[in-house]
Each structure stands twice: as structure tokens, then as C-alpha cells.
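One structure below.
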Amino acid sequence: MAVLKNKKSNPLVLYIWLFGILLSCFIFGITVSESVKTISKSAQEIAVLGNWKVAQDYNTITWFENTAAHTDENHQLDADFMKESSAKQRTFIQSFGADNWLYSESSSLSPERVEYAPQEFKQELTNNGVDTKLAEKLFYVNTGLVDKNKELNSQNQYGQPNADGVGVLYIPSSQMVNIEGIRKLIDYEYFQYSSFKAEDFEIVEVPDGQKTFLFNHKGEQDELFAKQEVIDAVLVQINFQNLPEDAAFDGKYDVFAVNGIFKQDLIKEKIDQAGLTNFSSMTKVSEQLLLARETIISQLTGTVIALAMLVLAQFFIIYEYISTRMKQKAKKISLQSLLGTSSGMEIFQSLLPLILGIFFVSLLTILMRGDFVVTILVGFLYIIEISAMSGFAFLQVKKHRVQIIKGDFEIV
């Protein structure tokens, strides 16, 4: 091109070149905005999934169905079999004590879960004083999960509750006004027809902003990543190891055995002790999640490298434009320098189309993406480059002005 060869170029060629630069600036801004979001999301996932390292020796258990032989012609399970099975599962769960298994379960009564429920059910919730909004951040957990969070988040405050009680309600300060509503929700969802009640649980007020890692291992990968950590959760800590036999509640132990994760080296021993015969297999869930973490780290590294190369390429394009414009003005600036006339305005006017173009592109990017901080930062880097390059070129012109006028020196 005539421009790159420092020949007298058609202004149309310069404008086309400038348009191409501004188009690349716009695409670059969009790419950087998306890349920053990806990097931020990936970095957060890496940090969160790293918490699984403290549970590498915990496994989930797969149980096979063993009810067929105990079902009558009406497809009803034998009551004695159900009672015996629940008792065995309770023995199994309680044999792990407080710290050798982890359990967390979100409330099933959140607005998004009951949105499409029958109107009769919604009315029943209302009649029982259940506020589904309180269920959004309510989680049922065991003692072991809270203890793991004390290890992971040493700044968290959990007080000194009675370890011999049936459980503890950890309620953020901002939710303390909703204690009665929280109790009604828990009683309806978890302790209906049971002798246990939410009022039996000790209440501990915790500071707002506390993070809770849930050790969630259920659902698709995206769901797993999104639901590992919560802030300002209401934790219903159930001290399973302290619960007496309860006909209405014991039926839930089957669910706990499916959804909990257990110390690997204790599983077979505890299964044999409880007399359970429907064990199928066990899976180390941390392996899958920590492997996913390593994959994210690799992807993040690739994204950062690609972004760095893109930044260098973009800055080189602008460098070439500034260099060409300064070459075109070099003799005029040299003469002005010899005559003692300021060349600042000459340089500014030469680069004004580029500066205004970058300003317009930045504004357009903000309007389209809404990412003000990243776009302004990119624009600021452009201005720094333009200032540095034009300043360097001016010093070169001033230093070699005589040679430039003679045609014996060319700005790089």
C-alpha cells in the first residue's frame, strides 16, 4: 500500500485504513469484554471447586432397588419392610457420627420450584403460613458440613451451640426478623407429623455476608458450578447423630443415604453393621469436580494467552497507523522545530480522527455491552499508546530534524 511505503497517499486510502482500525477496535472491545467475563467466571469456579480438596476421601453411594419382593398386587409396599428398611438406614447414617459424612439439601419450596405447582398446593402453603421467599436461601445440612465450612472459611462465625441438641438454626442478622416464618417453613417441609419441631433447634445469629460451601454433587456440570457456594444462607443444621427414633421422620433416611457423601474407608464397614443388603457401588465425586477444575484452569490459561496476543496485535495496528501519520508530517514538524514553532497542535490534528474514532467506538461498545469499566480501561490503554507513540516520534523528529529535511532519516 502507498501508505505503508510512505509515499504520497490518497486520502481515501487513509480513511479506509482508519475505518478498518476502528472496526478492529470495536471487535477488540467486544472480545475483551467477553474474555474478561469468562476469565472472571473461570477464576471464581477454580477457587470454589478447589474447596473439594478437603473432601477427596468422601464418596457417594449408589443403592439398587430392593422393594419388588415386598410389593403387593396393589403396588403397595409392606409396612413392616418399610419400617425395617428405615431403621437400618437410620442406623447407617447415625453410625457415621457428626463428621464422617456431609449432607446439604436446598429447600424444595422456593418460588421457582412451586411456580407451576397446583393452586391447591399453593393455597395449602399459604394456610400453613409458609413464605416461599424465605426458602430461596434455606438449606438443610448436617454437622459435618458446618464443620468443613469452619475449616474452609475461618472468618465465619458460628457461635458455640450445644452439640447435644437436635440441631441449630444459623440465621443471618438480616433474616432474624423472619424467625417465625423460617420455623413454619421448616416444620411444614421437614418435620410435618414428626415429634421434632423447629422450635427445638437452637438459634444462632450469624453476620451477614457469610459464605457457605455446600459440597453439591447433584445435577449437570453448569448447575454444579453455580450451586456450590451461597452467601447469607439460612442453615438448618440437623444433628442426625442425636435424633431418637421417630416413625414420621425415619422414612427420610433413605434420601439422606442417597444424597449424602461418606468417608470412603468407613462405608463398607457401616453398611455391614447396619445390615443393609442393597449396596451397589460408590463414587468419588471429588475426582470429577477436581478434574473439571483442571480443565477450567487449562481453558483459562489459553484464554489469557489468546487475549494477550490479541492485545499485542491490536496495539501493533495502531502503532503502524501512528507511525505512518508521523512520517507524513515529519518534514513539516522538523521545519517548525527549527523555526522554534510548537508542533503539538500539528501532531494532535494529525491523530484527531483516530482519537475521536476510538472515543466513538468506546461509547458504542458501552451502549451495546454495558461493560463500562472494561471499555474505559481499554480506551485508556489506547490513549496511553497514542500519547507514547506520538511523543516518541516527536522526539525522534526533533533529534534528527536536519537529516529528515534532507531526506536522510526516516522515523521507524
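For segment 327-341, does any single residue satisfy the condition of being of a type in the set (S, T, N, Q), on the phi < 0 side of the Ramachandran plot, at pLDDT 80 or above and surrounded by 14 or more Cβ atoms within 10 Å (Cβ to Cβ)? Write out each step before concluding.
In the first step, residues of segment 327-341 are kept if they are of a type in the set (S, T, N, Q); the result is 328, 334, 336-337, 341.
Cutting the leftovers down to on the phi < 0 side of the Ramachandran plot gives us 328, 334, 336-337, 341.
From the residues that got through so far, the ones that are at pLDDT 80 or above too are none.
The answer is no, given that none of the residues of segment 327-341 is of a type in the set (S, T, N, Q), on the phi < 0 side of the Ramachandran plot, at pLDDT 80 or above and surrounded by 14 or more Cβ atoms within 10 Å (Cβ to Cβ).
If I filter segment 115-123 for residues that are surrounded by 13 or more Cβ atoms within 10 Å (Cβ to Cβ), touching a residue at least 12 places away in the same chain (Cβ under 8 Å) and not charged (D, E, K, R), do I get at least one hit?
Applying the first criterion (surrounded by 13 or more Cβ atoms within 10 Å (Cβ to Cβ)) to segment 115-123 yields 117, 122.
Next, only the ones that are touching a residue at least 12 places away in the same chain (Cβ under 8 Å) stay: none.
The answer is no; no qualifying residue exists.
Considering each of 173, 194, 154 in turn, give the residue that is within 21 Å of residue 252 (Cβ to Cβ) and of a type outside the set (A, V, I, L, M, F, W, C). Show your work before the answer.
Numbers: 173 fails: within 21 Å of residue 252 (Cβ to Cβ); 154 fails: within 21 Å of residue 252 (Cβ to Cβ).
194 is the lone residue from the list that is within 21 Å of residue 252 (Cβ to Cβ) and of a type outside the set (A, V, I, L, M, F, W, C).
Could we say that residue 107 is at pLDDT 90 or above, crowded, with 16+ Cβ neighbours inside 10 Å, within 30 Å of residue 263 (Cα to Cα) and not assigned by TED's automatic domain parsing to the domain that holds residue 311 here? Don't jump to the end; show me each part of the working.
Numbers: at pLDDT 90 or above: yes; crowded, with 16+ Cβ neighbours inside 10 Å: yes; within 30 Å of residue 263 (Cα to Cα): yes; not assigned by TED's automatic domain parsing to the domain that holds residue 311: yes.
Against the criterion (at pLDDT 90 or above, crowded, with 16+ Cβ neighbours inside 10 Å, within 30 Å of residue 263 (Cα to Cα) and not assigned by TED's automatic domain parsing to the domain that holds residue 311), residue 107 qualifies.
In the list 315, 359, which residue meets the criterion of being in a helix (DSSP H, G or I), within 42 Å of the chain's Cα centre (by Cα), exposed (fewer than 14 other Cβ atoms within 10 Å of the Cβ) and at pLDDT 75 or above?
On the way: 315 fails: exposed (fewer than 14 other Cβ atoms within 10 Å of the Cβ).
Result: 359 is the single residue among 315, 359 that is in a helix (DSSP H, G or I), within 42 Å of the chain's Cα centre (by Cα), exposed (fewer than 14 other Cβ atoms within 10 Å of the Cβ) and at pLDDT 75 or above.
Do you know which residues across segment 169-186 are within 16 Å of residue 197 (Cβ to Cβ), touching an Asp or Glu at 6+ places or on another chain (Cβ under 9 Å), aliphatic (A, V, I, L, M) and in a helix (DSSP H, G or I)? Step through it out loud before you land on a result.
Filtering segment 169-186 for residues within 16 Å of residue 197 (Cβ to Cβ) gives 169, 179-186.
Adding the requirement that they be touching an Asp or Glu at 6+ places or on another chain (Cβ under 9 Å) leaves 169, 181-185.
Subset that is aliphatic (A, V, I, L, M): 169, 182, 185.
Scanning segment 169-186 gives 182, 185.
Any residue at all in segment 217-228 that's buried (at least 21 other Cβ atoms within 10 Å of the Cβ) and modelled with pLDDT of 90 or more?
No, that holds for no residue.
Which one of these is touching a residue at least 12 places away in the same chain (Cβ under 8 Å) and assigned to a helix (DSSP H, G or I): 286, 280? Spell out how you get there, then give the answer.
Working: 280 fails: assigned to a helix (DSSP H, G or I).
Residue meeting the stated conditions: 286.
Can you give me the number of residues within segment 192-246 that are in contact (Cβ under 8 Å) with a residue 60 or more places away in the chain, more than 21 Å from residue 164 (Cα to Cα) and aliphatic (A, V, I, L, M)?
The number of residues fulfilling the criteria is 4.
How many residues are surrounded by fewer than 19 Cβ atoms within 10 Å (Cβ to Cβ) and over 14 Å from residue 210 (Cβ atoms) when one looks only at segment 124-150?
Going through segment 124-150, the residues surrounded by fewer than 19 Cβ atoms within 10 Å (Cβ to Cβ) turn out to be 124, 126-129, 131, 133, 136-137, 147, 150.
Restricting the remaining residues to those that are over 14 Å from residue 210 (Cβ atoms) gives 124, 126-129, 131, 133, 136, 147.
Looking only at that region, the number is 9.
The values are calculated or read from the model by the stated rules, or taken from the named source; none is laboratory data. Because the structure is a prediction, the values reported are computed rather than measured. Because the Cβ atoms are built from the backbone with ideal geometry, glycine has one as well, and the counts that use them run over all protein chains shown.
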